[in-house]
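See structure below.
The values are calculated or read from the model by the stated rules, or taken from the named source; none is laboratory data. For clarity, every value in this text was computed on a predicted model and none was experimentally measured. For neighbour counting, all protein chains shown are included, and Cβ atoms are generated from backbone atoms with ideal geometry for every residue, glycine included.
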Amino acid sequence: MTVARTLLITGGSRGIGAATARLGAAAGYDVAITFATNEAAAASVVRDVEACGRKAIMLRCDSGVPEQIAQAFAEFDRHFGQLDAFFNNAGILGPAGRFVDIPVAQMTSMLAVNSAGAYVAAQEAVRRMSTRLGGKGGAIVNMSSVAAKLGGSFESSDYAFSKGCIDTLTVGLAKELAAEGVRVNAVRPGLIYTDIHDSSGIVGRVEKYKDLVPMKRGGSAEEVGETVLWLLSAKASYVTGVLVDVAGGRGL
């Protein structure tokens, strides 16, 4: 009997996380997602995963609180046991503003979730995957952003700053874990049609800037999700430490 592979996604109730959960189920994964506040949205994703004939659970977790991250992973263990694939996706975006006008509290809150939270979550995943620590190996994909190399000037320098941390984490972990059976990569989406842009306060943000994209359009959450699943799969077995732009050519 073939044992299903397992996939844990932080921030899986909406946007790219939710799309990846649904695509992962279609690809044969049993899926666990974390969510911070929107229980109804998380439940909808769980139902869609189960409709594919896969197991699914949702775990309430504020990724800015390390203790809640640890609790979510412990609950994952109780339901699924072995962790095969981890999409380190949870993140937030604050109101847009020029660099000097962004409040310190906004910046530190963003770092707590997007950077420190991702760091802690990666630690939890590695403790379960590393062959040095008794695991069976696995794959991690971190959620970065093309903003990490564009800088987020005039609007979201705090967000870009937080995602630059993810790029550094990805490369460092990939080198450290390569001999322990764990591959670590990152996706760097560009302008993607998801509701995270609502948090910036800029109405129609993707439409406003899509002409800056060489492909002259925004991307879909599914396009990013497909890239994530490829990086997590055995088809990418010799790929680690790579930052994959899913941005229609923006940032080249």
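Quick notes
- In this structure, I33 does satisfy being among the aliphatic types (A, V, I, L, M), within 14 Å of the chain's Cα centre (by Cα) and modelled with pLDDT of 95 or more.
- None of K149, K163 is surrounded by fewer than 22 Cβ atoms within 10 Å (Cβ to Cβ) and touching a strand residue (DSSP E or B) at 6+ places or on another chain (Cβ under 9 Å) except K149.
- Within segment 197-222, the set of residues being surrounded by 17 or more Cβ atoms within 10 Å (Cβ to Cβ) and either among the charged types (D, E, K, R) or assigned to a helix (DSSP H, G or I) (or both) comprises H197, R205, V206, K210, A221.
- Residues being under 24 Å from A236 (Cβ atoms) and surrounded by 18 or more Cβ atoms within 10 Å (Cβ to Cβ) - total across segment 57-86: 7
- In segment 13-20 there is no residue matching the filter, namely being hydroxyl-bearing (S, T, Y), in a strand (DSSP E or B), in contact (Cβ under 8 Å) with a residue 24 or more places away in the chain and over 13 Å from V228 (Cα atoms).
- Scan of segment 123-146 for residues that are under 19 Å from T6 (Cα atoms), buried (at least 17 other Cβ atoms within 10 Å of the Cβ) and either in contact with a Ser or Thr (Cβ under 9 Å, 6 or more places away or on another chain) or touching a residue at least 60 places away in the same chain (Cβ under 8 Å) (or both), ordered by number: A125, G138, A139, I140, V141, N142, M143
- Considering V228, V187, V239, the condition of being part of a loop (DSSP other than H, G, I, E, B), at pLDDT 95 or above and within 20 Å of F86 (Cβ to Cβ) is satisfied by V239 alone.
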